[in-house]
There are 2 protein chains.
Amino acid sequence: MTDIQKGWVVIAGLGPGSESMVIPEVHDALAEATDVVGYIPYVQRITPRDGLTLHASDNRVEVDRASHALEMAAAGRRVVVVSSGDPGVFAMASAVFEALEAGPEAWRALEIRVLPGITAMLAAAAAIGAPLGHDFAAINLSDNLKPWALIERRLQLVGEAGLAMAFYNPRSKSRPHQFARALEVLRAACGEETLITFARDVTKPGQELLTVPLREATPEMADMRTVVIVSNRETRRVGPYVYTPRFAPGHQPDHQTGHQSDSKDT
Amino acid sequence: MTDIQKGWVVIAGLGPGSESMVIPEVHDALAEATDVVGYIPYVQRITPRDGLTLHASDNRVEVDRASHALEMAAAGRRVVVVSSGDPGVFAMASAVFEALEAGPEAWRALEIRVLPGITAMLAAAAAIGAPLGHDFAAINLSDNLKPWALIERRLQLVGEAGLAMAFYNPRSKSRPHQFARALEVLRAACGEETLITFARDVTKPGQELLTVPLREATPEMADMRTVVIVSNRETRRVGPYVYTPRFAPGHQPDHQTGHQSDSKDT
């Protein structure tokens, strides 16, 4: 907080849908807030109380919503911007900083905090096993804010690098052909037998999980409520689970040398 | 749960360090558990209680630890395997499925659930702003379980693709020269002016955050308690924050057309 006023903005991740996946720090911020700003379905998740004003807005207005939050904070309000998943992953955090950069110089002295959340790809990965247990990339397949040619190039290069990939916004009604093209690029770059998982409404009622080899994947398997995970060539099934080993081929853990760890603890 | 016995394994993420970043579902699992298995410092975070046995083990024994958890579950115990961050991101989940695949066929009928957590890169990103607000990759720089040449190739290809990158296990005492080499590869692939952030002990007491252009980065800025984020070429500073715009150059949001959104809501 600055000395001159007590307003702040917290950009908070509500996770993929289940209330049991919201971190306590988000509830702490909401308890101190005077205002909540966000897309309608996320604001609907907030319990109303005296002293808390809820400002729900439509989608496609992220920067306007962000400017509104910053304006209120500059006027001394304590504002939580609610976002799904993790606000730093294809969500509201960058929009708030875009609005900060475009706004009055004085806004830059405001206290702004980002509270992370469980982003959809990690909830989807957990729901099927551990498909992101080795190197991976997170890619937004929407071409609203980048050219489609760049997206194709990224799929090719990242596939060639052997990383698993998680896709946000895989398919929309306005561009149904593009996800079909993405599947073609992925089959060429990753191989027909590489597993692809479609996770729809993850952690929500009606969650659907489908894993098939890339050769069997069709565009209709995804919509905008789906997060898609393309595994790497080593990803396999064991029992009902899908997981990616921690090791590259030929680098299996060796119990004799003790070099079996690739974890953060090593 | 299977019909023949009630044992289970839950692989739970404890987040980056702060208790305020542990999701409620992890506490629910711990409340029902008979046994907790994990690396010593993570097991130390669990509050002891009657009926709960704590099994702390050293690092570098992930598969042995995982087998122990599965054995106990097969004997009817309710076992939580605790992991830092998100268990599916360079942590215990893949190790448990490796042990499952190597173990007795009967284990495959066990109930195994993965509970996601806030992984270090997302906590670090939130702490400095939103450097992962556009496409990004998560790469483990340890060469214990993959060849160093593959790591270099991944840095080159992913840098060429224009993705931001988060690095786990950036530097160890046993291979101090490798991170210096990684920085060389990154300067060539991403440009000298691209920002790199070193986040040490993120969310813990003594958290340290340092952001510099790649040309000023030195290997000593990282150790095994550091997560490193290399932004993309568009990443910038605004006030004390570091963020990556949601749009590619030339694809700035257009308030007139309403195409300002690249979020999951579109």
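Just so it is clear, none of the values below were taken in a lab; they were calculated from the coordinates. Note that this is a predicted model, so its numbers are computed, not measured. Cβ atoms come from the backbone with ideal geometry, glycine included; neighbour counts cover every protein chain shown.
Summarise the long-distance tail of P(r) for region B:8-118 by giving the % of C-alpha pairs beyond 22 Å. Don't skip to the answer; put the middle values down first.
Working: 1273 of 6105 pairs.
Taking all Cα-Cα pairs of region B:8-118, the fraction more than 22 Å apart is 21 percent.
May I ask you to order B:134-146, A:152-164, A:209-221 by the average number of other C-beta atoms within 10 Å around their residues, highest value first?
B:134-146, A:152-164, A:209-221
Quick one: which residues, 5 or more positions from residue B:37 or on another chain, have an amide H under 5 Å from its amide H? H modelled 1.01 Å from N in the peptide plane, none for Pro or chain starts.
Close amide H contacts, sequence-distant or interchain: B:55, B:80, B:81, B:82.
Hey, how many Å between the Cα centroid of region A:118-146 and the Cα centroid of region A:70-97?
Comparing the Cα centres of region A:118-146 and region A:70-97, I get a distance of 22 Å.
Residue by residue through region B:230-242, which ³J(HN,Hα) values in whole Hz follow from phi under the Karplus form 6.51 cos²θ - 1.76 cosθ + 1.60 (θ = phi - 60°), with glycine and proline marked x?
Computed from phi, the couplings for region B:230-242 are 9, 6, 9, 5, 8, 4, 9, 9, 9, x, x, 9, 10 Hz.
Report, by chain and number, residues whose modeled amide H sits under 5 Å from the one on residue B:14, excluding near sequence neighbours (fewer than 5 apart, same chain).
For residue B:14, the qualifying residues are B:83, B:84, B:85.
Per residue of B:58-64, how many C-beta atoms from partner chains lie within 10 Å of its own C-beta, taken as a mean? Mind showing how you got there, number by number?
Values: counts 3, 7, 11, 4, 8, 5, 2.
Rounded to a whole number, the mean comes out at 6.
Under the Kirkwood approximation applied to all pairs of distinct alpha-carbon atoms, what is the hydrodynamic radius of region A:121-243 in Å?
Computed over region A:121-243, the radius equals 14.2 Å.
Report, to two decimal places, the Cα Rg of region A:107-172 normalised by 2.2 N^0.38 Å (N = number of residues).
Normalised Cα radius of gyration, region A:107-172: 1.41.
Using per-residue counts of other Cβ atoms within 10 Å, averaged over each peptide, order A:115-128, A:173-186 from highest down.
Final packing ranking: A:115-128, A:173-186.
Averaged over peptide A:112-124, how many Cβ atoms belonging to another chain are found within 10 Å of each residue's Cβ?
So the per-residue partner count for this stretch is 6.
Whole-Hz Karplus ³J(HN,Hα) for region B:41-46, in order, using 6.51 cos²θ - 1.76 cosθ + 1.60 and θ = phi - 60°, x for Gly and Pro?
Going residue by residue, I get x, 7, 5, 5, 7, 8 Hz, with x marking Gly and Pro.
At 222 nm, what helix-only mean residue ellipticity would the protein assembly as shown give, in deg cm²/dmol to the nearest 500, using -39500 (n - 2.57) for each DSSP H run of four or more?
Helix-only estimate at 222 nm: -8500 deg cm²/dmol.
Return the FRET efficiency for the residue pair residue A:177, residue B:101: r is the Cβ-Cβ distance, R0 is 56 Å, and the value is rounded to the nearest 0.05. Write down the numbers at each step before the final one.
Values: r = 39 Å, r/R0 = 0.69.
Computed FRET efficiency for residue A:177 and residue B:101: 0.90.
Considering only DSSP beta bridges where both residues belong to region A:121-243, give the percentage that are antiparallel (nearest 5). Please report the intermediate quantities before stating the final value.
Numbers: 17 of 24 bridges.
About 70 percent, rounded to the nearest 5.
Across region B:33-39, in residue order, what do the Karplus-derived ³J(HN,Hα) couplings come to in whole Hz, using 6.51 cos²θ - 1.76 cosθ + 1.60 with θ = phi - 60° and x for Gly and Pro?
With the stated coefficients, region B:33-39 comes to 6, 9, 9, 10, 10, x, 5 Hz.
Sort B:14, A:150 by Cβ crowding within 10 Å, fewest neighbours at the top.
Numbers: B:14 28, A:150 16.
Listed from fewest to most nearby Cβ atoms, that is A:150, B:14.
I'm checking a number: the convex hull volume of the Cα atoms of the protein assembly as shown, normalised per residue, in Å³. What is it?
Looking at the protein assembly as shown, the number lands at 146 Å³ per residue.
Enumerate lysine pairs in the protein assembly as shown that are 8 or more residues apart or on different chains, then count those whose Cα atoms are under 29 Å apart.
Lysine pairs meeting both conditions in the protein assembly as shown amount to 12.
Sequence gap at least 6, Cα distance under 8 Å: using those rules, report the relative contact order of region A:54-207 to the nearest whole percent.
Relative contact order for region A:54-207 comes out at 18 percent.
Over all Cα pairs of chain A, how is the pair count split among 10 Å bins, expressed in % and running from 0 up to the last occupied bin?
With a bin width of 10 Å, the distribution comes to 7, 27, 29, 22, 13, 3, 0.
Given H placed on each backbone N at 1.01 Å, which residues far from residue B:238 in sequence or on other chains put an amide H within less than 5 Å of it?
Placed amide hydrogens put B:243 under 5 Å from residue B:238.
Taking Cα centroids, how far is region B:208-241 from region A:8-65 in Å?
Between the Cα centre of region B:208-241 and that of region A:8-65, the gap is 30 Å.
Roughly how crowded by other chains is peptide B:232-243, in terms of the mean Cβ count from those chains within 10 Å of each of its Cβ atoms?
Mean shielding count: 4.
Expressed as a rounded percentage, what relative contact order does chain A have, with Cα pairs under 8 Å and six or more residues apart?
18
Rounding to the nearest 20 debye, state how big the charge dipole of the protein assembly as shown is about its Cα centre with +1 on each Lys and Arg Cβ and -1 on each Asp and Glu Cβ.
Magnitude of the dipole: close to 380 debye.
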